[in-house]
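K.L.:
What follows is a structure written as structure tokens; I'll ask about it next.
The values are calculated or read from the model by the stated rules, or taken from the named source; none is laboratory data. These numbers come from a predicted model, not from an experiment. All Cβ positions, glycine included, derive from the backbone under ideal geometry; neighbour counts span all protein chains shown. Accessible surface is based on the protein model in full, side chains and every heavy atom, while ligands, DNA and RNA are left aside. Shrake-Rupley method; radii C 1.70, N 1.55, O 1.52, S 1.80 Å.
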Amino acid sequence: MVSSLAQKLFAAGVVGAGGGGFPTHHKVAHRVEWVIANAAECEPLLYSDQEVLRVEGEQVLTGLRLIAQATGAQRVAIAVKKKNRDLVAPLRDAAEVVELPDVYPAGDEHEVVALATGRSVPEGGLPVQVGVLVQNVETLRNVAAAWQGEPVTHRTLTVGGCVQQPKVVRVPVGTTVRELLSLCGGAQCQAPAFFMGGVMMGALTTDPETPIDKTTAAVIVLPLAHPCAQRRMQSVAHQLRNARSACTQCVLCTETCNRYLLGHHLEPHRVMRSMALGLAAESEVGHMALLCSECGACEYACPMGLSPRLVNRELKGALRSAGVQAPQPRETKARVRMGSGRIPTSRLMARFQLAPYARPARYCEQEVVPKRVRIRLKQHAGSPARPVVRRGQQVAAGQLIGDCRPDEVSARVQASISGRVAEVDEEMVCIEAA
């Protein structure tokens, strides 16, 4: 590790909170020209980044400065949607402000880099390759806390959708969906489905005992019968049968694909055709799937209700299992002007029947101490942390329970509450409150 900040980030277990979960101590090893705080919050129905910026804006700014100092960046910026520009008014003297259109997926880091700097991230590459580091605002809040010796034990997230009262809450990592629902007055439907992270890109579960992680930006509750939940539950085999019979090769999925519009060699309609013919896994067209960001814009565009995103995800997994590497980064040139060709958020919500759930959520200062937390040892990109506690052991909040080496692509994990270790294995540590 190259800096005292990197050492503190490693010790605190800081990872990218926007969803990717890449260990932040590795990111600050790069030298860049720009550091950008991403507060765009591209998923619909999410308000937590906005609330972090409103409630803890100075903490975010501190984290932004620390990252800039560690990486040698000369320019710092905050990316926020135009409709939320008032949130950054107090911070304009300390950082440049990049105002983004209210479109999906405006918060994609490749889009943010292009809009803020005019630079194009290479296909299959990372922003650091063009001298830019993008960090979610929750990550930056955690960076500032780590500098003061505070590990990541809590997560700020939106609990919304079909609940009595949507809220933005800050709760211990490992808190279950069931406890989050109780904070919001419960679900307003008989058979709820839970989108962990957001309706567009989050994982779907029906288990209320599912715990939240460092990367969980939201728990969005929808009825199990909702079209978004039903589509997500379809098997790949079902999608392929539909593709063979229903895909008209209209190319709308490709023309709406964020990566295609940025100039990447990804054409979802061609992947769908190849998969339907049983050719994709062994063809150059099939390898396109490795470039998919799984944003789901293709599902918005498809008039036949197909999911190229689901097919791409399955194909990516098969290719990686077969040892196929992602393509080498290639220079790209955007096919349209940045921001154009993207989906207005209002249309996205109407298309996916989310508009009835679009109720603002504000930060709730209620302290939450769950009776039991289930803390995953893999809440980040790379390999899981190794458990360093035993069953029956008493632990304090903030105590190390999962460890790794600084040179590994992994992250430390700390206890989020004080109590007794009730269960421990290679995947999870369960703690019961004292």
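K.L.:
Identify the residue in region 218-270 that is modelled with pLDDT of 90 or more and among the β-branched types (Val, Ile, Thr) and, among all such residues, is surrounded by the most Cβ atoms within 10 Å (Cβ to Cβ).
P.N.:
Filtering region 218-270 for residues that are modelled with pLDDT of 90 or more and among the β-branched types (Val, Ile, Thr), the one surrounded by the most Cβ atoms within 10 Å (Cβ to Cβ) comes out as Ile220.
K.L.:
Test Ala203 against the stated conditions and say whether it is open to solvent by 30 Å² or more (accessible area, probe 1.4 Å), without any contact (Cβ under 8 Å) to a residue 60 or more places away in the chain, aliphatic (A, V, I, L, M) and within 30 Å of Ala11 (Cβ to Cβ).
P.N.:
In short, yes.
K.L.:
Still on this structure, I have one more. For Arg313, all conditions in the list (1) open to solvent by 80 Å² or more (accessible area, probe 1.4 Å); (2) over 18 Å from Met201 (Cα atoms); (3) in contact (Cβ under 8 Å) with a residue 12 or more places away in the chain hold save one; what is the number of the exception?
P.N.:
Failed condition: (2).
For (1) out of contact with any strand residue (DSSP E or B) (no Cβ under 9 Å at 6 or more places or on another chain); (2) within 22 Å of Ala397 (Cβ to Cβ); (3) open to solvent by less than 20 Å² (accessible area, probe 1.4 Å), each residue gets a yes or a no:
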position	(1), (2), (3)
Glu99	no, no, no
Asp102	no, no, no
Glu109	no, no, no
Gly124	no, no, no
Leu133	no, no, yes
Thr156	no, yes, yes
Pro192	no, no, no
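K.L.:
Among the residues of region 233-253, which ones are in a helix (DSSP H, G or I) and touching a residue at least 40 places away in the same chain (Cβ under 8 Å)?
P.N.:
Within region 233-253, Val236, Gln239, Leu240, Asn242, Ala243, Ala246, Leu252, Cys253 qualify.
Yes/no matrix, rows are residues, columns are (1) of a type in the set (Gly, Ala, Ser); (2) within 22 Å of Pro344 (Cβ to Cβ); (3) free of Cβ contacts under 8 Å to residues at least 40 places away in the same chain:
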position: Pro44; (1), (2), (3): no, yes, no
position: Tyr47; (1), (2), (3): no, yes, no
position: Glu51; (1), (2), (3): no, no, no
position: Val55; (1), (2), (3): no, no, no
position: Arg65; (1), (2), (3): no, no, yes
position: Gln69; (1), (2), (3): no, no, no
position: Ala73; (1), (2), (3): yes, no, no
position: Val80; (1), (2), (3): no, yes, no
position: Arg85; (1), (2), (3): no, yes, yes
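K.L.:
Filter region 333-356 for residues that are at pLDDT 95 or above and not in a helix (DSSP H, G or I); which is surrounded by the fewest Cβ atoms within 10 Å (Cβ to Cβ)?
P.N.:
Gln353
K.L.:
Then there's this: Being open to solvent by 20 Å² or more (accessible area, probe 1.4 Å) and part of a loop (DSSP other than H, G, I, E, B), is that true of even one residue in region 170-184?
P.N.:
No, every residue in region 170-184 fails to be open to solvent by 20 Å² or more (accessible area, probe 1.4 Å) and part of a loop (DSSP other than H, G, I, E, B).
K.L.:
Can you name every residue in region 316-353 that is at positive phi and either among the acidic types (Asp, Glu) or free of Cβ contacts under 8 Å to residues at least 60 places away in the same chain (or both)?
P.N.:
Listed by number, the list holds a single entry, Gly323.
K.L.:
May I ask you to list the residues in region 290-310 that are open to solvent by less than 10 Å² (accessible area, probe 1.4 Å), out of contact with any strand residue (DSSP E or B) (no Cβ under 8 Å at 6 or more places or on another chain) and either in a helix (DSSP H, G or I) or closer than 20 Å to Gly125 by Cβ (or both)?
P.N.:
Correct list: Pro308, Arg309.
K.L.:
Of all residues in region 358-383 being of a type in the set (Lys, Arg) and in a loop (DSSP other than H, G, I, E, B), which is farthest from Gly161 (Cα to Cα)?
P.N.:
Filtering region 358-383 for residues that are of a type in the set (Lys, Arg) and in a loop (DSSP other than H, G, I, E, B), the one farthest from Gly161 (Cα to Cα) comes out as Lys378.
K.L.:
Next question. Which count do you get for residues in region 250-294 that are among the β-branched types (Val, Ile, Thr) and within 23 Å of the chain's Cα centre (by Cα)?
P.N.:
Residues flagged as among the β-branched types (Val, Ile, Thr) and within 23 Å of the chain's Cα centre (by Cα) within region 250-294 amount to 2.
K.L.:
I'd like the residue in region 413-434 that is touching a strand residue (DSSP E or B) at 6+ places or on another chain (Cβ under 6 Å) and in a loop (DSSP other than H, G, I, E, B) and, out of all such residues, is surrounded by the fewest Cβ atoms within 10 Å (Cβ to Cβ).
P.N.:
Ala434
K.L.:
Please name all residue pairs, on different chains or six or more residues apart, with Cβ atoms under 9 Å, provided the first residue is in region 141-155 and is on the phi < 0 side of the Ramachandran plot and of a type in the set (Gly, Ala, Ser) and the second residue is part of a helix (DSSP H, G or I) and open to solvent by 30 Å² or more (accessible area, probe 1.4 Å).
P.N.:
Ala144/Glu58; Ala144/Gln59; Ala144/Thr62; Ala144/Arg65; Ala145/Gln59; Ala146/Lys8; Ala146/Ala11
K.L.:
Keeping to region 56-80, report how many residues are crowded, with 22+ Cβ neighbours inside 10 Å and not aliphatic (A, V, I, L, M).
P.N.:
2
K.L.:
Can you name the condition, by its number, that Pro208 falls short on among (1) more than 17 Å from Leu354 (Cα to Cα); (2) open to solvent by 10 Å² or more (accessible area, probe 1.4 Å); (3) not aromatic (Phe, Trp, Tyr); (4) not in a loop (DSSP other than H, G, I, E, B)?
P.N.:
(4)
Residues checked against (1) open to solvent by 20 Å² or more (accessible area, probe 1.4 Å); (2) assigned to a loop (DSSP other than H, G, I, E, B); (3) modelled with pLDDT under 95:
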residue: Ala11; (1), (2), (3): yes, no, no
residue: Gly18; (1), (2), (3): yes, yes, yes
residue: Gly21; (1), (2), (3): no, yes, yes
residue: Cys42; (1), (2), (3): yes, yes, yes
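K.L.:
Out of (1) touching a Ser or Thr at 6+ places or on another chain (Cβ under 6 Å); (2) at pLDDT 95 or above; (3) aliphatic (A, V, I, L, M), the odd one out for Ala434 is which?
P.N.:
Result: Ala434 passes all but (2).
K.L.:
Can you tell me how many residues within region 79-96 are outside any helix (DSSP H, G or I), in contact with a strand residue (DSSP E or B) (Cβ under 9 Å, 6 or more places away or on another chain) and farther than 21 Å from Glu43 by Cβ?
P.N.:
4
K.L.:
Just one of (1) at pLDDT 95 or above; (2) within 20 Å of Arg342 (Cα to Cα) trips up Asn84, so point out which.
P.N.:
So Asn84 meets the others, but not (1).
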